[in-house]
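Worksheet: one structure, shown below.
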Amino acid sequence: MISRLKDRVAPAVTRRRLLAGVGALALAGVLSGCNVTFGATKGVTTQAHEEFRLWYGMAIAGIAVAVFVWLLIFWSIFRYRRRDDHIPKQTQEHVPLEITYTVIPILMVIVIFVFTVIVENFVDSNPTPSGAVVNVTAYQWGWIFQYAHANGVTVRTAEKAGPTLLPRSYFAKRYPTLTLPVGETSRIYLRSADVVHGFYVHSFNFDRYAQPGVTNVFSFTPTTTGWFPAQCTQYCGLYHSEMLFNVHIVTDAQYTTWLKNAELHPQSLTGATSQPTRPGPQ
Amino acid sequence: MTIAVERTLPIPAEEHGPTGLLKWITSTDHKVIGKSYTITAFVFFCLAGLMAMLMRTQLASPDNNIVSLHLYNELFTMHGSLMLYLFAGPFAFGGLANYIVPLQIGAPDMAFPRLNALSYWLYAFGGLIMISGFLTTGGAADFGWVSYAPLSSATNTPGAGPDMWIVALVLTGFSAIFTGVNICATVFYLRAPGLTMFRLPIFTWNMLVTGILILIAFPVLTAALVMLWCDRHIGSHIFSVAGGGVPVLWQNLFWFFGHPEVYILALPYFGMVTDILAVFSRKPVFGYRGMVFATMSIAALSTSVWAHHMFTTGTVLLPFFSLMSYLIAVPTGIKFFNWIGTLWRGSIVFETPMLFAVGFLIVFLFGGVTGIILASPPLDFATHDTYFVVAHFHEVLFGSAVFGGFAGLYYWYPKMTGRMLRNDLGKASFWFMFVGFWLTFVPQYWLGLAGMPRRIAEYSPLSGWTLLNRISTSGAYLLFIAVFLMLVNFLLSFLKPVPAGDNPWDAHTLEWATSSPPPHHNFYWIPPVRSERPLWDHNHPEHTTIHSHMPANSVRAATSTVHSGPGVHPDHGSRSDFRGEDGDE
Amino acid sequence: MKVEAYVLIFVGAFFAVVCGIYWFLSYETSGTLMLLGTCFLGFVPGGYYYWWSRRMKPRPEDDPQAKREDGEGVVGAFPGSSVWPFVLGVSAASVGLSLVFGFWTAIVGFVVAASAVMGVIRESRRGGLI
Ligand code: HEM
Ligand SMILES: [Cu+2]
Ligand SMILES: [Cu+2]
């Protein structure tokens, strides 16, 4: 069987396959070398980095599979277009082939499942916090960040004269800021005061529902300082698109100073910043 | 290439029951009901499409003011609800399947014709009730098509609109259940002699499995809606924390319905595409049995993956649901390779249905791949509720319901009306749709990866999302043109009909063995069934795949007689256990 | 009739397995109950069909070599056109609307529904067309 196969496959073809393999590897290398992210963000926490790596692998695998199948489709529709009125051979099945394309996907699924579980366990592990511990409460339509160990330092969305008067412009409203120290693991306890909200920090590659009756616990270990935009993603009613906040990652020293100051002047914290929402990392 | 089958009997002048409007209201003929369903579903598709145009226009610029926040919320809720509950499902199982399944199995009608009519009326009135929500003072429902508790409670979304949404879904839910029962009974009991289960056309197989899936999924939705109504009106607190209820329960119930639902919306279209690919490649379906088992496994698995929509709730078993969701990729992959196997070495001709079918393959593939990405909890954490998800589900839903569904519509339109649709107009419509589709939805992947949440009516100019949104909106306008061209095509086929003939595509299955449109009770003559392609075997006896000694076109005998109307007493001699709906009086 | 039975039994068996696995992995009640219900939904009709399939005469549609003559005879009685499904639909819609607008539409709905049910029954007795 094998020898027959070898006879049929001309050396040129083998060489071409080899080249294609090397090419694919090289392409992968180049891609990772020049910061190709397929649109995703690498993130600014260790958890986000892991997710990004998983994304990267799966994006490459997914694109490879998609391109492979697309090529098969395009090949067959161009190559086998009707040219004359003949009736082709009525092939109905090819059992070994069918088994092959059942088994290979199963193997691929097992591989991605293993990687998924590894990353998932890392992201969901809750190491002992060395940084802040924050009780986050989502409500219609804003956020309350209460620092657990810091005499009730609380940052919240500035309430204007009630939701009905909210103008439809971003800068008339002041969005609260969640301040976290860089390099330390901070833990969040997430709750909701009314409906389901989504605590989503894009640069953390992370979304978790805030639900009534449920407390979700998770941790972040930021790696970069800067301002990061964040927003409620789970539709929560009329002003869902206004439910923004910022995340400010600062150095340890800055964090300590900020916390001290906040304990002394709690008033200053309500809607503490009018920082525009999209400045990105510093 | 057009091969007309001779009829052994001339068509008598059919004068059956009332005509005109009364015919549409009182008919129990599956063909009339199927047409009513198809037309109604198409109207809902157009309405929902117009809502989508409004939304896309609103999103074309940051801080846009075309619609109010409240209206935007109503729009996406009703767009999603109309598309899923009133278009994609009913178009498939109420419209095309209703019309085609009895024909494909050589049956005179659906098993329960009056129940079938009742299904249609429940659906039609349900749909009317749902959209009339817009006429109430508080506006239509605005809690998204999933209506998560407790946002859907009486305090958070008061008003008649949401209640009408609930009632509408209960009605259409029953309509779907009745149709499911009807399809299963029809396929089980009304097949032509020799048409064993493993000779059913794939479309019929898929409809059978869809029917079972409907029976699994819809009762759960109906039950959940009743609970929701009780919470809203008689203070039962099933979904509210205040009264000791559990809000997450809603999500469990809803998605136990919701995920099978998306396969209820996909499997019928898979079936259509399978048949179409085979016909236009002049080959049998490659890997027939694999196809059937893949359909069944997809259906089975799809009922054990519901919580992949709830990864970010932090309350579900991540690895279980993730693995089950991944596993769906395996039968779907089998289907893809079988489709390619069907094309392979075929003799492919690109009539409009084939173009849409291949469009489906190309589009759905990418939607499937991004689905695998979303089935990974860590990656779902990164993309959940962003435009990545919006792009993903449009790719699969639009891919199946619109590309697949229009393939089916173009394919069977000649059968249903006796008229051809214009091929060049159809192709133009396809190309607008294909290009428009990618323009609309691929930028949404990037938007999602750039962090744009779904269901937002406005975004900041600083967000950097403007350009991609503009591209997406312009693509949506191309889609609008594509649907418009299609409507023109329908109109032309009425103004200047081109007669279709019985079998314009040289097709394989029984529905093409009768006239277009078929007579009352469908058949005067049925070719002998010796494989899953009876008509092909009959028309191309030298190219069959039958491995028996029996010649394919054996003697043409008179087929079973079907009696209708008053006073018929079924005779149990030849069909041992079948009894008509009101057989035992 | 066998294949039909097997399809449904497959549904039952699959969900029996999944239901077991799910329960022991999660101890979550709502999902387990729904899976259990689905399991019955497969086994009950599937078992019934299987039971039937062993008792009935083989049908021509299950015989790969059936001739068309085998299917001769009356397939079933199919009602002609009937207005009652429509009337029943109207009544269902008005009963449904009573859940939104208060109970008076339900009264109308139930009266109409009753008349529709009687209509259907009389029609079937008489045997058909309106
Ligand atoms: C005609 C082209 C279409 C366009 C331009 C379009 C556009 C949109 C837009 C703008 C949204 C709102 C996204 C958001 O704000 O989160 C949306 C949501 C949705 N669409 Fe479409 N859509 C189209 C076709 C379809 C089709 C064919 C289906 C299904 C068969 C569909 C199903 C949905 C669903 C389920 C939602 C989610 C609703 C929700 O969030 O509750 N759409 N679509
Ligand atoms: Cu929110
Ligand atoms: Cu799903």
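The values are calculated or read from the model by the stated rules, or taken from the named source; none is laboratory data. Every value quoted in this text rests on a predicted model; they were computed, and no experiment measured them. All Cβ positions, even for glycine, are placed from backbone atoms using ideal geometry, and neighbour counts span all protein chains on display. Calculation scope for accessible area: heavy atoms of the full protein, side chains included, ligands and nucleic acids excluded. Shrake-Rupley method; radii C 1.70, N 1.55, O 1.52, S 1.80 Å.
Inside the stretch A:191-243, can you point out the residues that are free of Cβ contacts under 8 Å to residues at least 12 places away in the same chain and either away from ligand 1 (no atom under 16 Å from the Cβ) or over 29 Å from B:THR155 (Cα atoms) (or both)?
Restricting attention to the stretch A:191-243, the residues satisfying the condition of being free of Cβ contacts under 8 Å to residues at least 12 places away in the same chain are A:213, A:235, A:241.
A:GLY213 - this is the single residue of the stretch A:191-243 that is free of Cβ contacts under 8 Å to residues at least 12 places away in the same chain and either away from ligand 1 (no atom under 16 Å from the Cβ) or over 29 Å from B:THR155 (Cα atoms) (or both).
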Residues satisfying the stated conditions in the stretch B:65-96, i.e. more than 25 Å from the chain's Cα centre (by Cα) and open to solvent by 30 Å² or more (accessible area, probe 1.4 Å): B:ASN65, B:ILE66, B:SER68, B:HIS70, B:LEU71
Kindly list, by first and then second residue, each pair from a residue in the stretch B:448-462 that is aromatic (Phe, Trp, Tyr) to a residue that is away from ligand 2 (no atom under 14 Å from the Cβ), limited to pairs with Cβ atoms under 6 Å and residues at least 6 apart or on different chains. B:TYR459/B:PRO62; B:TYR459/B:TRP465
Restricting attention to the stretch B:359-384, which residues are of a type in the set (A, V, I, L, M), in a helix (DSSP H, G or I) and more than 7 Å from chain A (Cβ to nearest Cβ)? B:VAL363, B:LEU374
When residues of the stretch A:206-246 are limited to those that are more than 16 Å from the chain's Cα centre (by Cα) and part of a strand (DSSP E or B), the one nearest to ligand 2 (Cβ to nearest atom): A:ALA210
Search the stretch B:34-58 for residues being of a type in the set (Val, Ile, Thr) and closer than 25 Å to B:ASN116 by Cβ, and hand back the single one that is farthest from ligand 3 (Cβ to nearest atom). B:ILE39
Can you find a residue in the stretch B:352-360 that is surrounded by fewer than 23 Cβ atoms within 10 Å (Cβ to Cβ) and not polar (S, T, N, Q)? yes
How many of the residues making up the stretch B:177-199 are of a type in the set (Ser, Thr, Tyr), facing chain C (nearest Cβ under 8 Å) and within 23 Å of the chain's Cα centre (by Cα)? 0
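Which residues, taken from the stretch B:218-237, are touching a residue at least 40 places away in the same chain (Cβ under 8 Å) and not polar (S, T, N, Q)?
Quick first cut of the stretch B:218-237, residues touching a residue at least 40 places away in the same chain (Cβ under 8 Å) only: B:218-219, B:221-222, B:225-226, B:228-229, B:231-233.
Hits for the stretch B:218-237 are B:PHE218, B:PRO219, B:LEU221, B:LEU225, B:VAL226, B:LEU228, B:TRP229, B:ASP231, B:ARG232, B:HIS233.
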Complete set of residues in the stretch A:214-230 that are closer than 28 Å to B:ASP142 by Cβ and modelled with pLDDT under 90: A:PRO229, A:ALA230
Tell me, please, whether a residue that is buried (at least 24 other Cβ atoms within 10 Å of the Cβ), within 14 Å of ligand 1 (Cβ to nearest atom), among the aromatic types (Phe, Trp, Tyr) and closer than 24 Å to B:PHE270 by Cβ can be found in the stretch B:114-131. no
Collect the residues in the stretch B:305-345 that are under 24 Å from C:THR29 (Cα atoms), open to solvent by 20 Å² or more (accessible area, probe 1.4 Å) and of a type in the set (Gly, Ala, Ser), keeping them in residue-number order. B:GLY314
Filtering the stretch B:143-171 down to residues that are open to solvent by less than 10 Å² (accessible area, probe 1.4 Å), β-branched (Val, Ile, Thr) and away from ligand 2 (no atom under 16 Å from the Cβ) yields B:ILE166, B:VAL167
Is it the case that the stretch A:44-60 has a residue that's without any contact (Cβ under 8 Å) to a residue 12 or more places away in the chain, among the aliphatic types (A, V, I, L, M) and open to solvent by 30 Å² or more (accessible area, probe 1.4 Å)? no
Any residue that is within 16 Å of ligand 3 (Cβ to nearest atom), modelled with pLDDT of 95 or more and more than 30 Å from B:LEU22 (Cβ to Cβ) - is there at least one of those in the stretch B:61-81? yes
For the stretch B:479-496, indicate whether the set of residues that are surrounded by fewer than 17 Cβ atoms within 10 Å (Cβ to Cβ), part of a loop (DSSP other than H, G, I, E, B) and more than 25 Å from the chain's Cα centre (by Cα) is non-empty. yes
Of the conditions (1) part of a helix (DSSP H, G or I); (2) away from chain C (no Cβ under 13 Å); (3) surrounded by fewer than 24 Cβ atoms within 10 Å (Cβ to Cβ); (4) under 23 Å from the mean Cα position of the chain (by Cα), the single one that B:PHE174 does not satisfy is (2)
Selected residue (criterion: farthest from B:ASN338 (Cα to Cα)) from residues of the stretch B:273-305 that are within 20 Å of the chain's Cα centre (by Cα) and within 16 Å of ligand 3 (Cβ to nearest atom): B:THR303
Within the stretch B:257-271, does at least one residue satisfy the condition of being without any contact (Cβ under 8 Å) to a residue 40 or more places away in the chain, away from ligand 2 (no atom under 16 Å from the Cβ), under 26 Å from B:GLY89 (Cα atoms) and surrounded by 24 or more Cβ atoms within 10 Å (Cβ to Cβ)? no
Any hit, the stretch C:95-106, residues being crowded, with 20+ Cβ neighbours inside 10 Å and hydroxyl-bearing (Ser, Thr, Tyr): no
If the Cβ limit is 9 Å and pairs must be 6+ apart or interchain, which residue in the stretch B:140-155 that is facing another protein chain (nearest Cβ under 8 Å) pairs with which residue that is within 10 Å of ligand 1 (Cβ to nearest atom) and part of a loop (DSSP other than H, G, I, E, B)? B:PHE143/A:TYR235; B:GLY144/A:TYR235; B:GLY144/B:ARG455; B:TYR148/A:TYR235; B:LEU151/A:TYR235; B:LEU151/B:PHE143; B:LEU151/B:GLY144
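Considering B:THR210, B:THR172, B:THR204, which residue is among the hydroxyl-bearing types (Ser, Thr, Tyr) and more than 16 Å from ligand 1 (Cβ to nearest atom)? Reasoning before the result, please.
Working: B:THR210 fails: more than 16 Å from ligand 1 (Cβ to nearest atom); B:THR172 fails: more than 16 Å from ligand 1 (Cβ to nearest atom).
Only one candidate passes the filter, namely B:THR204.
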